[in-house]
Every structure is written in structure tokens, then in C-alpha cells.
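The values are calculated or read from the model by the stated rules, or taken from the named source; none is laboratory data. Computed from a prediction, not measured in an experiment: that's the story for all the values here. Here the Cβ positions follow ideal geometry from the backbone for every residue, glycine too, while neighbour counts run over all protein chains shown. The area values use the complete protein model at the heavy-atom level, side chains included, leaving out ligands, DNA and RNA. Shrake-Rupley method; radii C 1.70, N 1.55, O 1.52, S 1.80 Å.
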Amino acid sequence: MMFEKMTIIQILPEMEEGGVEGETYDQAVYLARQGHNSIVISGGGRLLEKLEREGCRHILCPGIGEKNFRCLKYIDRLRQIFISEKADIVHLRSRLPAWVGYLAWKMLPAHDRPSLVTTFHGFYSVNKYSAIMTKGQRVVAVSNAIRDHIIKNYGTANEKIALIYGGFDTSTFDADKVSEDRVEELRRRWGLQDRSEPVIILPGRLTKWKGQDDFIESLAIIRDLPFIALCVGEIDEKQKYTKKIREKIAHYNLQDKVKLVGHCDDMPAAMLVGHIIVSASSTQPEAFGKIAIEAMSMGRPVIATAHGGSLETVVDNVTGWLVEPQNPAAMAKVIAQALGDEEACSAFGRAGRQWVHEHFIAEVMCRKNLALYKQMLQEKKRKFSKENLTVLQMVPELEGGGVERGTLELGKHLVQQGHRSLVVSGGGRLVELLEREGSSHVSMKVGVKSPLCLKYILPLRQLLLKERVDILHLRSRLPAWIGYLAWKSIPKKKRPLLVTTFHGFYSINAYSAIMTKGDVVIAVSESIQKHIAEHYSKEQNVVSIFRGVDTDTFNPESVSSDRLDSLRAKWGVVPGKPVIMLPARMTRLKGQDVFLMSLASLQDRNFQAILVGDEPESSTYKNEIANIIEKYNLKDCVKMVGHCSDMAAALLLSDIVVSATSSTPEAFGRIAVEAMAMGKPVIATAHGGSLEIVIDNETGWLVEPSNSLAMSKVLDEALSMSKEQLSCIGENGRNRVLSKFTTKTMCEQTVETYKRYLRKQSIEKGYAQDAVSVSTVSHKS
């Protein structure tokens, strides 16, 4: 059986009372009983004796949960523990120990790291410190409310999150197993033997968010009713909040009706002492609400504040009552209702017991965590076998160009197929999306044209070896030189397969020749493949793979009217006037000047022309564009709108899309493909990749490069067409994209190329090894 015995290490601040500690204890004991090596690392606590009695091991790290720099000393110790114990799983359960554990885990080579799980146990404040709980390879959310919180505030991919509710121990929280002596012992200890009033219990550490202050305010409102209320939980007399609660009890003269009884070692009996159990969490909701399910398991009705996990554990008017948080009057009303309706309390108690046994038992929680552990180990095994690849792509930065978006698309596909995706770049606006889609980003400014970039050669070499990279994919010239030199410094037998992608008609020189150095060279079009053969005399191991478009994103049906309206308003687009769009970074090679000159030649100016794209760092070309607009009186019909983060909506807003590349042809023509995918007719210059994408007079028009009069003539023809005619051309274009130019096709062909050349490389290395062996034998003979 796979993973018959695993070593699982859970790390948390301490093993005292509380939901996190209880779930850690339950999980540890379950694992030990299943025959696994179950280890807990913490700063100690009262649960240790029970834990070790159940066959678990505890490693004491005093102060691992204390917020001071002394806890950093445990980073190296944890690293050594992970190695010496041969840990399969590390499960981090609280923020500060999670940082220590994560840093220790990161110090290990990727193939030696245990699988990393984090559990999001609470509605932590949203900041970088709390973000550590999203760093697990899988993140456990203890409720739907927590899962939504993680996605909303940290952008964590839903598929990375496992929803695993907490649970109660059915052997401990069982009313039939609690003797009358245990209940009477607590009544005696708490001074209840001679009192007959109904008992209301609020279990929880004495802290502001547990809502004891609101609870007491509500009791003051109904003080004339018969009851005795107990706050059961750890008390820190040094805290200001403890003093505040004692003062509030005295202020309302509730000393005879409200008791702070401190920690209780026998919570099942405590629940039976109570008639009604209250969960009054106030400023912060319960992430799950373990107290509520434990109370229901003992057949007790629950009053809980209606937020967070309580909305999922308590069924209003079936297993208890839900009340508005921080509303003492509302809570007082419900407590009074419960005190006056013993029959309803009994019915709710019975319904609650059945409900939690069906949904929230600890064994189900533990079983699901164990299944997650096994799944992660299977994924790790696949990841580090040749069945799954580790691919490292290099680009200068991750801003908004076609090369960058292609890098993200391939990274996403790799992750979805179970491969590892790493990207090295100088950073940029797309990094967050890259990581959200499952790739790892390593920041190196490998695109800065300075001798200083050579300092990255050694760190990159170390990264390639440490991460056991199978494929090094170089996508731009300067990073390619850095990557190539790092790759060359590795012994041949340990080198990854080197892949370069020729993305453009680069200037022909020794600097650009780096893009032909790959074991395999990917050309983004047949035009580029011919360019490589003609100018670099390289034909062997050159593969043509058309770039593609994400047809889920670039799909007319996926763009809402709100997105269109937002852009219309932002750019001041006038309804009813045809929109001609040129989407491209503002550089001379993209031909904005030629486009504007073609507009100047049009007699009828009943159109809106929109230039979409990042503006140049230098103002020279922008000034030239502005001068053309001024000279030919185009101000009323041309807008420069800068960068757009929603190109699908932008293209859908247009009627005609122009690709006007002039001096240098498009290697592929991504803008043309994206526009066609959105069902828009395209006017493109007739050179380079555009010749392979646009079919003249069928999906758009091809015009002579740098010829503004030719472009003007075609624009005039297109603008004179009816909407139906333009729509027909657009539909032809969309059909062509779906059949030939999709991201899925591009990514599948790329991965197949990786595998094909890896097999070829493996065979060649095998032959070389055989030759060495034969030579050695002959020499010895």
C-alpha cells in the first residue's frame, strides 16, 4: 500500500486549551492510531501528557510562538528536524510558528522538502504577516466563510484550498459517557449544589473577541429572570480586559448571578452542567465554532452570534438561535426566550446532537486531512519523477507584452497538468497573477542592460541545480545570455534541456544569435523559422509553434455589458460612431504614425480612432504622434488611452482592429489573433506572421507595410461596409482562431516538444554513457 507509514509534523505555539490545540491533538492522536509517526512541535502546555500517552511524540521549542526575534533560532533546528525525522508532511497551524517552519522548509532543496500544509484557523488581520497561512502547497479552510475570506483577501486559487470542517471527539463529547459524579463535582467546585436556577454557560478564553462583555450586558437586561451564568475559560488576571469584565459584573450588581470560573479540564461535564450554551464572538467571527458543535454533541441548545463559521454550524431555530453580533439587547431577548421555553430547548438539543453527528465529527476531519496528506505525497512523487516536469522560464520582466503573457499562459498550463512552473524575471504587474495561477516567481533583474546583470549567473546556476530543473526555457535575448552562461557552467550530465523561443525579427548579429543556442529552438511562426534558417543557417532542431490566444478570456460571450460600459465611459466613446482601434505599445515599429497618416487621408471622419497601449519612456515618438494629430486636425477623432488591463472588452468595443507594424514585421501577430478571437475584422500589414494569420478579404485585409495611402483605402472600404458584412468577416476570423491559434494548442505542442527532446536527450546521454563504459572496459582489458 502506498504511503503505508508517514511522518507528519504539526507545529503550533503551545498545547493549551483552544480550538487550534484541540484539532491538533485530535489529528495527532488519529495519525498515531493509524500507525503513522505523529509529531507535534510546540512551546509546551497541559495537553502534552495526554498527547504522549496516546503514542504521539512532542518536541519542545519554548517560545516558538512568542513575538520576538529569539524564535528565529528555531529555523535551523526545524530544518534539521525535518531532515532527521524524514518528514513527509509539515502542517503549520499558527502564524508565527508558520513563519519559522516555512523559512526552515524553504532552506531545503525542493526535492527534499516535505509537503507543506497550512490551516487557516481564523479571520486573521489581512496583511503580509497573516499571508504566511496561504503559503502552504495546500491551504485548509475550516469553513466556507474562511475559504471565501482567503480568496477575497489573498487571491488564493480555489483549487489550492481544501475545505475541511473541524470536528468533535465522539468518544469524549458523549452525554451517555459522562457520569453524574463528574457533573456534581463541577457543580460543587462552582458553588451550584444548592442552586436550582437554569445555568447559562459561555465557554472561551477571556478575550474581547469572545464577547464576554456583550454577554454580561445582555444578562444585565434580564437580571430579574432566574439564571446563573458561568464564563468558563482561561483567565489572565494581568489583562486589562479581565479587570474590565470584573468591573462590569460589579457595576450591574451581578456578582451573585455571573461567575468567572477559569479553565475547566472536563468540558463535556461542563456542558451538562449548563442548560444553554452561548457563543458570543463579537469583534471577530468564529472561523468555525468548535464550542457550538461540542455543545450540540452534548444535547444542549446553542445561542451563537450570526457571523463566520457559526452560520454553518448552528441551524437557526432548529439546533439553536442566531443573534446579531455585538447586540446585547438581541441576545438578551433570545436568552429570555430560551429560559422560558424548556420544551424548545430540549427539542433543539436533540436536533443539534443529530446534526453534528452527521456533519462535524473529529474522525471525519482527521480522515480528510490524512487523505489530503496522501494526495500531496502522490503529487510530489509525480512532480519529481520524469512523468512530471520542472520548467523554468526566463523573461526580462512581467509587465504586459505578448512574450510575458505567453509565459503566464504556459505556466498556468504546466501547473494544471501537474508540472512545476518557475519563472525568473525582474518583476512587474503580472507577477501576482502568475503566482495566483500556481507558478513560482524568482526575482532577478536579468533584463537590465548592464554588466551588473552578470552577478545573476551563479545564483541562477544554483537555482537550476537546487530545483532539479528539467527544462530551461529562454524567451528574450539578455536573460537568454545569463541563462545560457549559467547552463554552460553545469556539467553536461546535469544540464536541463535548453529551449529558446525566437519571438521576433531581431537585428541579425552575435547578440541575437543567443536565441539559436537552444537544444531545441521554437519559432513562433513559419516566417520566423525561415528567418532563422536564412540568417543563422540553423534548420535542425527548430520547431514552429504558433502562439495562441486564451479563448476563454478572448470570447465575446464572456465580456459583460458592465465591462464595456466602464471602458466607454472611461474613454469617452460616443455610441453609434464606428470605432477603429490600434492596440500596441507606442513605438515606431508598431506604426502608429503610419496609421494616423492613413486616417488623415480619409474624407469622411465619422469615426473614433483609439490608440491603446503603454506610452514610451522617451517623449520623442509621443511628441511626433501628437504633432501628426495636431497637423492633420485629428484631435476630435483620435484618442490615446494608454495601458488597458481588459483587452478583451477593449477589442469587443471596436468595430475594426488595425495592426500597422511598419519597419519590422510582426513575428506572429498576437493582436490580430486576439481581435479575430473577439469576432473583429483586422487590417494588418502584409509581412511576417500576419501573412500566416490574416486571410485577405476573408478574415480581414492585408496592406503594404508603411503605406498610409494603401491603409487609408482599405479603411475607407471597411468603414463603408454594413455591420452585417463586418460581422461576417469577424466570424470568419473567430473560426480560424478556434481551429488554429488557441493557447491550449500552443501549450500542448510546447510540452510535447519538451518531452520529445528530453527523450532524445536521454537516449543520446545513454549512448554516451554506454560509450564511456565500453571504453573503460577496453582500457582495463
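Being touching a Gly at 6+ places or on another chain (Cβ under 6 Å), open to solvent by 20 Å² or more (accessible area, probe 1.4 Å) and among the polar types (S, T, N, Q) holds for only one residue in T664, T745, and it is T745.
Just give me the residues in the range 422-464 being of a type in the set (V, I, T) and either in a strand (DSSP E or B) or surrounded by 18 or more Cβ atoms within 10 Å (Cβ to Cβ) (or both), in sequence order. Result: V423, V424, V431, V442, V446, I457. The combined condition, being among the aliphatic types (A, V, I, L, M), more than 19 Å from T283 (Cα to Cα) and either open to solvent by 10 Å² or more (accessible area, probe 1.4 Å) or touching a Lys or Arg at 6+ places or on another chain (Cβ under 6 Å) (or both), is fulfilled by I222.
The condition of being modelled with pLDDT under 95 and farther than 24 Å from I293 by Cβ holds for only one of G63, G45, that being G63.
The set of residues in the range 542-573 that are open to solvent by 70 Å² or more (accessible area, probe 1.4 Å) and either of a type outside the set (G, A, S) or touching a Lys or Arg at 6+ places or on another chain (Cβ under 6 Å) (or both) comprises D552, E557, D562, R563, D565, R568, K570. Note on the range 289-306: residues that are touching a helix residue (DSSP H, G or I) at 6+ places or on another chain (Cβ under 8 Å), in a loop (DSSP other than H, G, I, E, B) and open to solvent by 10 Å² or more (accessible area, probe 1.4 Å) total 2. Of the residues making up the range 542-577, just one is assigned to a loop (DSSP other than H, G, I, E, B), under 21 Å from M678 (Cα atoms), touching a residue at least 40 places away in the same chain (Cβ under 8 Å) and small (G, A, S), namely G548.
For the range 24-35, the set of residues classified as in contact (Cβ under 8 Å) with a residue 40 or more places away in the chain and either open to solvent by 30 Å² or more (accessible area, probe 1.4 Å) or touching a strand residue (DSSP E or B) at 6+ places or on another chain (Cβ under 8 Å) (or both) consists of T24, Q27, Y30, L31, Q34, listed by residue number. Of all the listed residues (E4, E17), the sole one being surrounded by 15 or more Cβ atoms within 10 Å (Cβ to Cβ), over 28 Å from the mean Cα position of the chain (by Cα), assigned to a loop (DSSP other than H, G, I, E, B) and modelled with pLDDT under 95 is E17. In the condition set (1) touching a Gly at 6+ places or on another chain (Cβ under 9 Å); (2) touching a residue at least 60 places away in the same chain (Cβ under 8 Å); (3) among the aliphatic types (A, V, I, L, M); (4) surrounded by fewer than 24 Cβ atoms within 10 Å (Cβ to Cβ), M271 is compliant with all but (4). Confirm whether E539 is part of a loop (DSSP other than H, G, I, E, B), open to solvent by 70 Å² or more (accessible area, probe 1.4 Å) and under 18 Å from I671 (Cα atoms). No, not satisfied. Restricted to the range 161-183, and to residues there that are among the charged types (D, E, K, R) and open to solvent by less than 60 Å² (accessible area, probe 1.4 Å), the residue that is farthest from the chain's Cα centre (by Cα) is D174.
Consider R189 carefully, then state whether it is open to solvent by 70 Å² or more (accessible area, probe 1.4 Å) and within 49 Å of the chain's Cα centre (by Cα). Answer is no for this residue. Looking for whichever is under 25 Å from V442 (Cα atoms), open to solvent by 60 Å² or more (accessible area, probe 1.4 Å) and of a type outside the set (V, I, T) here; the options are P491, P496. Which one fits? Answer to the check: P491.
Of everything listed in (1) touching a residue at least 24 places away in the same chain (Cβ under 8 Å); (2) assigned to a helix (DSSP H, G or I); (3) out of contact with any Leu (no Cβ under 8 Å at 6 or more places or on another chain); (4) more than 18 Å from P328 (Cα to Cα), the single unmet condition for R205 is (2). Kindly establish whether R585 is open to solvent by 60 Å² or more (accessible area, probe 1.4 Å) and modelled with pLDDT under 95. For R585, the condition - open to solvent by 60 Å² or more (accessible area, probe 1.4 Å) and modelled with pLDDT under 95 - is met. Does C264 satisfy being open to solvent by less than 30 Å² (accessible area, probe 1.4 Å) and in a loop (DSSP other than H, G, I, E, B)? Judged against the criteria, C264 is a match. If you filter the range 127-157 down to residues that are assigned to a helix (DSSP H, G or I), within 12 Å of the chain's Cα centre (by Cα) and among the hydroxyl-bearing types (S, T, Y), you find that the one that is nearest to R93 (Cα to Cα) is T134. When the residues of the range 46-69 are filtered to those that are of a type in the set (A, V, I, L, M) and part of a helix (DSSP H, G or I), the one that is least open to solvent (accessible area, probe 1.4 Å) is L51.
What is the residue count in the range 309-358 for residues that are among the basic types (K, R) and within 16 Å of K290 (Cα to Cα)?
1
Conditions tested, residue by residue: (1) open to solvent by 70 Å² or more (accessible area, probe 1.4 Å); (2) touching a Pro at 6+ places or on another chain (Cβ under 6 Å); (3) in a loop (DSSP other than H, G, I, E, B).
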| residue | (1), (2), (3) |
| --- | --- |
| M581 | no, no, no |
| F595 | no, no, no |
| D604 | yes, no, yes |
| L611 | no, no, no |
| D614 | no, no, yes |
| T620 | yes, no, no |
| N623 | yes, no, no |
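Residue count for the range 687-721 satisfying the condition of being part of a loop (DSSP other than H, G, I, E, B), open to solvent by 40 Å² or more (accessible area, probe 1.4 Å) and hydrophobic (A, V, I, L, M, F, W, C): 2. When every residue of the range 529-536 is checked against the conditions, at least one turns out to be open to solvent by 10 Å² or more (accessible area, probe 1.4 Å), over 30 Å from K466 (Cβ atoms) and among the hydroxyl-bearing types (S, T, Y).
Are any residues in the range 210-219 open to solvent by 20 Å² or more (accessible area, probe 1.4 Å) and either out of contact with any Ser or Thr (no Cβ under 7 Å at 6 or more places or on another chain) or not basic (K, R) (or both), and if so, which ones?
Residues of the range 210-219 that are open to solvent by 20 Å² or more (accessible area, probe 1.4 Å), as a first pass: 210, 214, 217.
D214, E217 - these are the residues of the range 210-219 that are open to solvent by 20 Å² or more (accessible area, probe 1.4 Å) and either out of contact with any Ser or Thr (no Cβ under 7 Å at 6 or more places or on another chain) or not basic (K, R) (or both).
Hey, can you tell me all the residues within the range 468-505 that are assigned to a loop (DSSP other than H, G, I, E, B) and either of a type in the set (S, T, Y) or under 22 Å from P109 (Cα atoms) (or both)? Within the range 468-505, R468, V469, D470, S476, S489, I490, P491, R495, P496 meet the criteria. If I ask for residues that are under 17 Å from E526 (Cα atoms) and in contact with a Phe, Trp or Tyr (Cβ under 8 Å, 6 or more places away or on another chain), which ones from the range 645-683 would you list? T664, P665, A667, F668, V673 - these are the residues of the range 645-683 that are under 17 Å from E526 (Cα atoms) and in contact with a Phe, Trp or Tyr (Cβ under 8 Å, 6 or more places away or on another chain). Which residue is surrounded by the most Cβ atoms within 10 Å (Cβ to Cβ), if the candidates are limited to the range 358-417 and must be touching a residue at least 60 places away in the same chain (Cβ under 8 Å), outside any helix (DSSP H, G or I) and not hydrophobic (A, V, I, L, M, F, W, C)? Among those that are touching a residue at least 60 places away in the same chain (Cβ under 8 Å), outside any helix (DSSP H, G or I) and not hydrophobic (A, V, I, L, M, F, W, C), it is Q393.
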